1. Under a straight-distance cross-link criterion of Cα-Cα below 23 Å, which lysines are reachable from K117, leaving out those fewer than 8 residues away in the same chain?
2. May I have the pair-distance distribution P(r) for the range 51-147, computed from all Cα-Cα distances with 10 Å bins from 0 and rounded to whole percent?
3. Could you state the orientation-averaged shadow area of the convex hull built on the Cα atoms of the chain, in nm² to one decimal?
4. Ranked by Cβ crowding within 10 angstrom, fewest neighbours first, how are W190, W372 ordered?
5. Which one of A415, G237, T192 has its Cα pushed farthest toward the positive end of the charge dipole of the chain, where Lys and Arg give +1 and Asp and Glu give -1 at the Cβ?
6. Which one of A325, T346, H264 has its Cα pushed farthest toward the positive end of the charge dipole of the chain, where Lys and Arg give +1 and Asp and Glu give -1 at the Cβ?
7. Hey, fewest Cβ within 10 Å first, where do C83, C33, C427 land in order?
8. Of N26, V181, T61, which is farthest on the positive side of the dipole of the chain, counting Cα position, with +1 on Lys and Arg Cβ, -1 on Asp and Glu Cβ, and the Cα centre as origin?
Amino acid sequence: MEIVGEIIGAEIEMESNGPIYARLVNDLYQVVCLATGNVSNIDKDVPEEAVMVLSATEAGTDTNVTADVTQSDKQSGVEIGKCKWVYNTNPNPIGIEEESYIGTFTQETETISLKPKGAGTYYLHILTIDKAGNKRESISEESVTITYDPNAESLIRGVENISSAGNYQIIVSGITYNVHVEYYEGDQVWTTNKVFGESTYLGQANSDASKMSVVKIDGDLTIKSGVTVQVNHNSYGGPKGLFIYCTGKIELEGQISNNYGAKHPGENVYLWKNDNGSYETVSANGANGAAAVSASGSQLVGRNGNAGNAANNRLLGGGAGGAVASGWLFDGGSGVINGSKGGNATSYSGGAGGGGTTRNSNSVPVTPNHAWLYAGSNAAVVDGSWYAHRSAAGGGAGAVAGIGVKSKDAIRADAGGTGSGGLLIICSEKLVLKQGSKITASGAKGGDAIGTQETGNGHSAAAGGGGSGGGSINIFTNDIETAQGDSIATFLNVNGGRRRNS
């Protein structure tokens, strides 16, 4: 190449390697000097193909695979800070766009750890960039076959290992969790209500709920205003918890709820294993139900049921006891009327409420029906002489609700509310709570009761049923953003249901 131009400040651009010639001329254009040179450092060649050595070609979902990666370039050298990698199930080239790759390098020879998203056949893609900006994609010659391994260090890690819809087992510390997974790939925007949990694994009269409902989103999730995400349920409650797992960001404008605990005696739920080896756990046994109340006297006595015990440390709340009431005791004398206990909570349901207890007879005792775990108890009513048939008592609320009972002339005795606070788990990279959004795992109210509406009539007795306990909301995220910087507690509701008064 021959260049003609000013010698001071001249810029010479060359597109290829090769010789370069220069002539120095005077004002008369007479050549006074000749010079030659050779350019050999122009790099237009792509880097060498990366060398990848995998530690295994078969592994389980909870087993780490490593790769020894060596990158090189014969001319300008590797710009290691720009080189990247990705591990996926695509055996074909994905191109040299940097945004298609996730992992980074710090050394030209480096060992990297490969974590699959779930079962499948995986390939390692390397993007090598040299100092001249040339790029090359290399794909591992060997693939890694990942089979689903039910053993996991925590429930969250187990769900992390799942990459398709279906029924799975996750085994943590000897406990097997049966889960049903609904899987969404890519960003999701939900503008209509969503109900999760198939009826086939809900509780029935002769069987407990058998599966947890898991919703996994491989991407971001937006739940628009007015939209409620909740669990399916029947008269025996909902699934063994609702678990929403999102690999990206959850932006909540609407509501996420599990107000229907499961018919199940409970088991420890090992949500997450901390670095020190301890677990974030929802205990099989939640807070205790309320103690029973009693009342005594010969006429018009009553007492509200006790509230269920509050819970902390991820426990679910205990159920309230039923109210007691006694009208005139026409048989003479005075007596004690005992109420019902609230049910203890489990890991999958707030405790159930006790049914109300009423009596209009001293000679005929009334035996209260106590709530049991998730099952609200039926009301108990005893009447005396024919003109005292105005007693009513409401049923206790629960995953399985208790029924109300009334005398023939009483006005109303409602069943307890169907529902109890359930187990709700939310796991995401980031959680954004917009104004008006809500996350709930609330109990249901006990049944109402009305004996008579006659003014001054002393023959009536009415006692409401106890409400069911609140649930447990468990949020795992790296970042939380709330509307106006409010406390996250502003957006949560795990209250128990109201207990009805006597």
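Here, each number is a calculation from the coordinates, and none is a lab measurement. Bear in mind the structure is a predicted one, so any value in this text is a computation, not a measurement. For neighbour counting, all protein chains shown are included, and Cβ atoms are generated from backbone atoms with ideal geometry for every residue, glycine included.
1. Hits, sequence-local ones excluded: K84, K211, K216, K249, K273, K430.
2. With a bin width of 10 Å, the distribution comes to 17, 50, 27, 6, 0.
3. For the Cα atoms of the chain, the hull's average projected area reads 33.8 nm².
4. Values: W190 17, W372 21.
Least crowded to most crowded, the residues run W190, W372.
5. A415
6. A325
7. Going from least to most buried by this count: C33, C427, C83.
8. Towards the positive end, the residue furthest out is V181.
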